Amino acid sequence: MDLLNTLVDKGLRRESPTREEALAVLATSDDELLDVVTAAGKVRRQWFGRRVKLNYLVNLKSGLCPEDCSYCSQRLGSEAGILKYTWLKPEEASQAAAAGLAGGAKRVCLVASGRGPTDRDVERVGRTIEAIKEQNEGVEVCACLGLLSDGQAERLKQAGADAYNHNLNTSEATYGGITTTHTYADRVDTVEKAHAAGLSACSGLIAGMGESDEDLVDVVFALRALDPDSVPVNFLIPFEGTPLAKEWNLTPQRCLRILAMVRFVCPDVEVRIAGGREVHLRTMQPLALHLANSIFLGDYLTSEGQAGQADLEMIADAGFEVEGAETTTLPAHRADVARGTGAADETAGTAGCGGHAEAGGGCGPCGGAATVCGTDAPEAEARAEAEEEDAAGVPGARPDLVAVRRRGAGTDLAPNA
């Protein structure tokens, strides 16, 4: 297919496809899907070989967010039956992180719900970062605390943070329909603050919220322009008790096309499969490893993920290898810029590219159907059955695979890592 040959050639040269070419990837048929995966896989292997980077989420503060993000189980007014707790102590967070690191994770993502951190919160997270790094030499730490005020990114950098995550989530044109308590421009500003402070910027999207192909292309091109080092791709898990509870719009094939499009637009960036992969990709997760070079290990913020050991077996069975701590994730030309030791290659076309926001503050992958807090068991069960019947009418929907996280950080149960 001429389109795919063109996209491979551009990806190997780090050139941006056109909007029309990106849209054409999303419009390919199921008969062409393996060709699309093969083509995007060539670009992925050019820059990242067969390595898979493992990341591990620690939810420092769960629920009770004042923002109204429609997709989020922690949002203002959410009735989702998720875990709710205030800040973990630094030693608790370090212990939680250790489970993921023992499973092979290279980066720990520290997430907190809320609009954004106070200066006291930044100090608190700084102590947590110090505790984790004291116990784990060489670990990368990414903070995800919401909208940043002036000077906060710099203080996180001084405390030892390596990266900062804040997602754009969806296109600027549709953002107001998803969230009203902050703006798309607010999110862009926070990513730019992270960049300016010398933090590795991490920013991605959520697919499956009812957006059009044009919206998906818009947000991915906006991410390329912001030039983050990592781009997490999240697939919405419709939470009962949130406005998007009925949005079961994704199939495994659709998810693979989206990942391929992101890889073509952001060829040399860490593309991470984030929230929702187990629910929407299901048995086609190994194919997605040919497109993305990074995943989250184990559970997410408020939903349970695939067992950590199953993740490791899937990676090995698919012919990939876990990226070691001694290996630099990004290609040399990007890693040098990230460290401030080199200049961007002006011959590579327009700017390059680069987790899923759960609430206005929290930016790690979320998901999981839940019974409604405060309802009795029969009522909750009836509601869950009704939800399953509604979702069953959407081809490919599997609400039965969704489970609220009841283990790991903030609980007395061992994590799934």
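Just so it is clear, none of the values below were taken in a lab; they were calculated from the coordinates. This structure is a prediction, so every number in the text was calculated from the model and none was measured.
When only Cα pairs below 8 angstrom with a gap of at least 6 residues are kept, region 2-326 shows a relative contact order of 24 percent. Shown here is the pair-distance distribution of region 1-151: with all Cα-Cα distances grouped in 10 Å bins from zero up to the longest one, the shares run 10, 27, 21, 25, 17, 1 percent.
Only lysine pairs 8 or more places apart, or on different chains, with alpha-carbon atoms under 23 angstrom apart are counted in region 2-326, and they number 18.
Determine the shape class of region 189-309: with a ≥ b ≥ c the square roots of the Cα gyration tensor eigenvalues, call it rounded for a/c under 1.5, and otherwise prolate if a/b is greater than b/c, oblate otherwise. Note, shape of region 189-309 comes out rounded. Relative to one another, the C-alpha centroids of region 282-308 and region 107-177 are positioned 22 Å apart.
What the phi angles of region 126-132 give under the Karplus curve with 6.51, -1.76 and 1.60, with θ = phi - 60°, is a coupling list of x, 5, 5, 4, 4, 5, 5 Hz, glycine and proline written as x.
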